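Working notes for the structure below.
The values are calculated or read from the model by the stated rules, or taken from the named source; none is laboratory data. Keep in mind that this is a model prediction, so the values were computed, not measured. We place every Cβ from the backbone using ideal geometry, glycine too, and count neighbours over all the protein chains shown. Just so you know, the surface numbers come from the protein's heavy atoms only, side chains and all, with ligands and any DNA or RNA stripped out. Shrake-Rupley method; radii C 1.70, N 1.55, O 1.52, S 1.80 Å.
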Amino acid sequence: MKITLKPLGNIADEIMEKLKDRVGGIFHCPVEVKAGFSDLAQAYNPERKQYLSSKLLASLEKSERDERVVGIADVDLYVPRLNFVFGEADIVSGTAIISLCRLRPEYYGLAPDESLFLERAAKEIVHELGHTFGLGHCPNNKCVMHFSNSLADTDLKEAHFCNMCRPKIIL
Ligand SMILES: [Zn+2]
Ligand SMILES: [Zn+2]
């Protein structure tokens, strides 16, 4: 099994590398950063001023069967009945997408905090990967598979799987 992270649009290499290291520390398998795609316009909804998550997710390509691919976008993502989504996973194809947009303290008018931002991003990536490995949401609010309704939920949970979830990961 291996995990590939792909930047969608402009994401600094430095951020991608740091996320790669964090994700590698949770899943004990190789993690690589590969080129994603930069044209996100196909998924833009001018009325909502947001990008349709499922459309970007469907454009992510996976080259190998035992690969999991996570697209990292820096635009605000939505699905039709929700105001926004932090991320989305497709269990069948083994692909997922997350948005960094709402993970930065600056989004809420707060001072930048890179380590908090990276921690949140790592949790979102690990959470969506968990879905691609067959996990559902976990009632334990410290577990990375707990559903995040808001950033407060994200900040409360940890970046790793609880003892109930970890054995259920099908690698
Ligand atoms: Zn989830
Ligand atoms: Zn759990």
Those residues of the stretch 103-137 which are open to solvent by 70 Å² or more (accessible area, probe 1.4 Å) and among the acidic types (Asp, Glu), in sequence order: Glu106, Glu114
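Select, from Glu158, Glu128, Glu64, Glu124, the only residue that is within 16 Å of ligand 2 (Cβ to nearest atom), assigned to a loop (DSSP other than H, G, I, E, B) and either farther than 25 Å from His28 by Cβ or of a type in the set (Asp, Glu) (or both).
Working: Glu128 fails: assigned to a loop (DSSP other than H, G, I, E, B); Glu64 fails: within 16 Å of ligand 2 (Cβ to nearest atom); Glu124 fails: assigned to a loop (DSSP other than H, G, I, E, B).
From the options Glu158, Glu128, Glu64, Glu124, the qualifying one is Glu158.
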Considering residues that are in contact with a helix residue (DSSP H, G or I) (Cβ under 7 Å, 6 or more places away or on another chain) and within 8 Å of ligand 2 (Cβ to nearest atom), the number found within the stretch 131-141 is 1
Restricting attention to the stretch 98-106, does a residue exist that is part of a helix (DSSP H, G or I), within 12 Å of the chain's Cα centre (by Cα) and among the hydroxyl-bearing types (Ser, Thr, Tyr)? no
Is there a residue being farther than 19 Å from Ala12 by Cβ, modelled with pLDDT of 95 or more, touching a Phe, Trp or Tyr at 6+ places or on another chain (Cβ under 6 Å) and within 13 Å of ligand 1 (Cβ to nearest atom) anywhere in the stretch 117-137? yes
Please go through the stretch 49-106 and give me each residue that is within 16 Å of ligand 1 (Cβ to nearest atom), among the basic types (Lys, Arg) and either free of Cβ contacts under 8 Å to residues at least 40 places away in the same chain or on the phi > 0 side of the Ramachandran plot (or both), ordered by number. Arg81
For the stretch 128-140, pairs from a residue that is among the aromatic types (Phe, Trp, Tyr) to a residue that is more than 8 Å from ligand 1 (Cβ to nearest atom) and assigned to a loop (DSSP other than H, G, I, E, B), with Cβ under 8 Å and 6 or more apart or across chains, are Phe133/Ile169; Phe133/Ile170; Phe133/Leu171
Given (1) over 15 Å from the mean Cα position of the chain (by Cα); (2) touching a residue at least 40 places away in the same chain (Cβ under 8 Å); (3) within 18 Å of Glu124 (Cα to Cα), index of the condition Gly25 fails: (2)
On the given criteria, is Leu56 part of a loop (DSSP other than H, G, I, E, B), surrounded by 13 or more Cβ atoms within 10 Å (Cβ to Cβ), in contact with a strand residue (DSSP E or B) (Cβ under 7 Å, 6 or more places away or on another chain) and not hydroxyl-bearing (Ser, Thr, Tyr)? no
Condition first: within 14 Å of ligand 1 (Cβ to nearest atom), modelled with pLDDT of 95 or more and surrounded by 17 or more Cβ atoms within 10 Å (Cβ to Cβ). Now tell me which residues in the stretch 138-161 satisfy that. Cys138, Cys143, Val144, Met145, His146, Thr154, Lys157, Phe161
When the stretch 34-53 is examined, which residues are found to be open to solvent by 50 Å² or more (accessible area, probe 1.4 Å) and closer than 23 Å to Phe133 by Cβ? Lys34
